[in-house]
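Down below is the structure, laid out as structure tokens.
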Amino acid sequence: MRTLLVIFGLICVVNLSAQTKVIHDGEACYLHVVEKGNTLYGISKQYAIDIPDLLEMNPEAEQNLSIGQKVFIPIRKVNRKQAKKSPTLEGNLLVHKVAKKETLYSLSKKYRVEINAILEANPGLEKDGLKKGSLIRIPTISAQVDEDFTTPAVKDSLLHHEVIPGETLYSLSKNYEVSIDSIRAVNGGLEEGLRAGMTLRIPRYTDGFDSSQLTLEEDTLESTLELERNPRLQMNLGLLLPFTLSSSDSTDRVLFRKPDDIMKMTDIAYEFYRGFRIGMDELSRYGLSANVVVKDVSNNRSSVEKVLRSSDIEDLDFIIGPLHKESFEMMSNDKDMRKVFRASPLSASLDINSSRNEKVARVKTSDLTMIGSMLDHVRAHHEGENVILIGGDIRSWHNQVEDVWYKDTTSMNMTDSLRTIRWDRKNKSKLIEMMDVEGPNVLIFPVEHRPSITDLISHLAMTEYRDLEITLYGLESWMKYDNLDVDVLDRVDLHIPSSTFIDWESDNVIDFVKTYHDEFNSIPSSSGYALIAYDLTKFYIEGLMMYGPEFLDRQDRLRREGLCSGFIMRKTDSGGWENRFSYMLRYEDYEFQKAP
């Protein structure tokens, strides 16, 4: 199984008992995730461990550190006495708390750093002198030790792979389509072989890359793309997902599906991440070299602020997430984040106008946009028919439907009439009186209130409606309700606009499910989060690969339909982007299919 490195941005603290503890290679370890500027020397000092002991557990670290790399610190090798007063590591600086009687000379000897280097890293120290309890920065790159131990971590253009039990160099070479020798070369020779849990660097094969290999089907392109190819194969990407959330947080707040499919947000995060991985793996075969920073961002301010404080999101080219609407909006208020383009994948209700930010995109089609698409479908297929809008008292969009209908009627010089009725106890009997017994009837019921929907479907099951020609239009949220009479739904020719549609029998989806199973030994959920992530990755990252950064400013020039979702991106009044793509689904033979 191929594994991209996940960087969770753990905060270094003085007390090692607060560090993340894991079992690695059968041994209890602290887990350190390398950040920008970290050195082996600095890590060894923070954890009070000798460098040889560090390298024994992490032989790959001898070949220089890379940002996001996992370093495992064997707890039994830690000097407990020194650990009580060990410094913290911030980038390439050790932060030392001055103890009683310590001097610049003693600090210089302790850390093997010249006094002048310490003074240079601490402006004002020479004048004010050391004071007990003050914090002093020690530059680890100036330490007089082996140069390999003071080389700062850099962004790695290679993939990171965490070895799992049973994997061999041969299987890895086949999976990544690179030679065994090339894997050995970038991992210090691997003289001791592979160990489960160790992180390998995997070279990418890019020789002879031709940007023309990245092709799009003709029917996915606008008539005039007006974008010049400007291949960009290296980029820094961010993925912000809620890997750790309360058990009460479910998809019901994010994406409408059947109750049986409601998943915890943590499950959604991992499935989304896997779909992203599959898309990235495919693009890497065309030469993509990406540094991917993955952060845990849940639905609270503290997790957002923690990410905003981390140094490894400063230079990102593109960010997917956070998934939660509230977290996404919090990040939109940060001045530094406003410089980085971010896409919100699952929130249809995200208000991208209020932030006045040109660098945000709402990828999930909004309810209002889908209502517009639904009315377009009604006009195109039911001109001159008896169209009845049924309004509700709770969670009803009938006012918006009426506004859009008459706005379009005026602007298009149309004369189509729209009859209206309120769905309540006293008006139920009036609906049959409004029906055309000899011609086709179109009922629009833009309501999300489950009891009201159930009541209408039950009403349409009555004998007086059975011989009438009816087409019923509902909303995407109906797809999560499994208590509706399917015989009635089939008879009334139910149509629903939807932001996603998965044909599980299509060759492309079957291939995706097979890849997912081979990689993760499971299958994607029926909710389709893995496919949504895959589609989003292929649209945006492939667009950046083909056209460079300009693509994000001209994404309206590219139209694509993926495995389960499509992209017709349009600028809003605020300059941000929203997706106008939607499917019209028809309930036929007891299942939803694409409507003509």
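Residues are listed down the side, and each one gets a yes or a no for (1) loosely packed, with under 15 Cβ neighbours inside 10 Å; (2) modelled with pLDDT under 70; (3) not in a loop (DSSP other than H, G, I, E, B):
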{"residue": "Ser173", "(1), (2), (3)": "no, no, yes"}
{"residue": "Asp181", "(1), (2), (3)": "yes, no, yes"}
{"residue": "Ser223", "(1), (2), (3)": "yes, yes, no"}
{"residue": "Arg229", "(1), (2), (3)": "yes, yes, no"}
{"residue": "Phe243", "(1), (2), (3)": "no, no, no"}
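Residue count for region 519-541 under the criterion of being in a helix (DSSP H, G or I), farther than 17 Å from Gly238 by Cβ and at pLDDT 90 or above: the result is 7. For Asp296, the conditions (1) farther than 19 Å from Ala533 by Cα; (2) in the same structural domain as Thr537 (by TED's automatic domain parsing); (3) modelled with pLDDT of 75 or more all hold with the exception of (1).
Scanning region 298-320 for residues that are part of a helix (DSSP H, G or I), out of contact with any helix residue (DSSP H, G or I) (no Cβ under 8 Å at 6 or more places or on another chain) and either without any contact (Cβ under 8 Å) to a residue 12 or more places away in the chain or of a type in the set (D, E, K, R) (or both) yields Ser302, Glu305, Lys306, Arg309, Asp312.
Looking across region 56-115 at every residue that is over 30 Å from Leu159 (Cα atoms) and acidic (Asp, Glu), the one that is modelled with the highest pLDDT is identified as Glu114.
For region 146-168, a residue qualifies if it is modelled with pLDDT of 80 or more and closer than 21 Å to Phe72 by Cβ, and the qualifying residues are Asp146, Asp148, Phe149, Thr150, Thr151, Pro152, Ala153. Need the failing condition index for Val509 against (1) touching a residue at least 40 places away in the same chain (Cβ under 8 Å); (2) crowded, with 21+ Cβ neighbours inside 10 Å, just the number. Val509 satisfies every listed condition except (2). Condition check for Pro440 on (1) at pLDDT below 90; (2) closer than 12 Å to Asn386 by Cβ; (3) out of contact with any Phe, Trp or Tyr (no Cβ under 9 Å at 6 or more places or on another chain): one failure, at (1). Of the residues contained in region 418-436, none is found to be assigned to a helix (DSSP H, G or I), in contact with a Leu (Cβ under 6 Å, 6 or more places away or on another chain) and within 27 Å of Lys594 (Cβ to Cβ). Whenever a residue of region 47-58 is touching a residue at least 60 places away in the same chain (Cβ under 8 Å), its partners that are in a loop (DSSP other than H, G, I, E, B) and among the aliphatic types (A, V, I, L, M), lying with C-beta atoms within less than 9 angstrom and at least six residues away or across chains, give the pairs Ile51/Val145; Asn58/Met198.
Cβ-Cβ contacts under 6 Å between residues 6 or more apart (or on different chains), taken from a first residue in region 547-575 that is assigned by TED's automatic domain parsing to the domain that holds Arg342 to a second residue that is in a strand (DSSP E or B) and surrounded by fewer than 18 Cβ atoms within 10 Å (Cβ to Cβ), are listed as Asp556/Arg570. Among the residues of region 448-466, is any buried (at least 17 other Cβ atoms within 10 Å of the Cβ) and assigned to a loop (DSSP other than H, G, I, E, B)? Yes. Every test in (1) modelled with pLDDT of 90 or more; (2) surrounded by 19 or more Cβ atoms within 10 Å (Cβ to Cβ); (3) more than 24 Å from Tyr529 (Cβ to Cβ) is passed by Ser355 save one, and that test is (1).
The values are calculated or read from the model by the stated rules, or taken from the named source; none is laboratory data. Keep in mind that this is a model prediction, so the values were computed, not measured. As a convention, Cβ positions derive from the backbone with ideal geometry for all residues, glycine included, and neighbour counts pool all protein chains shown.
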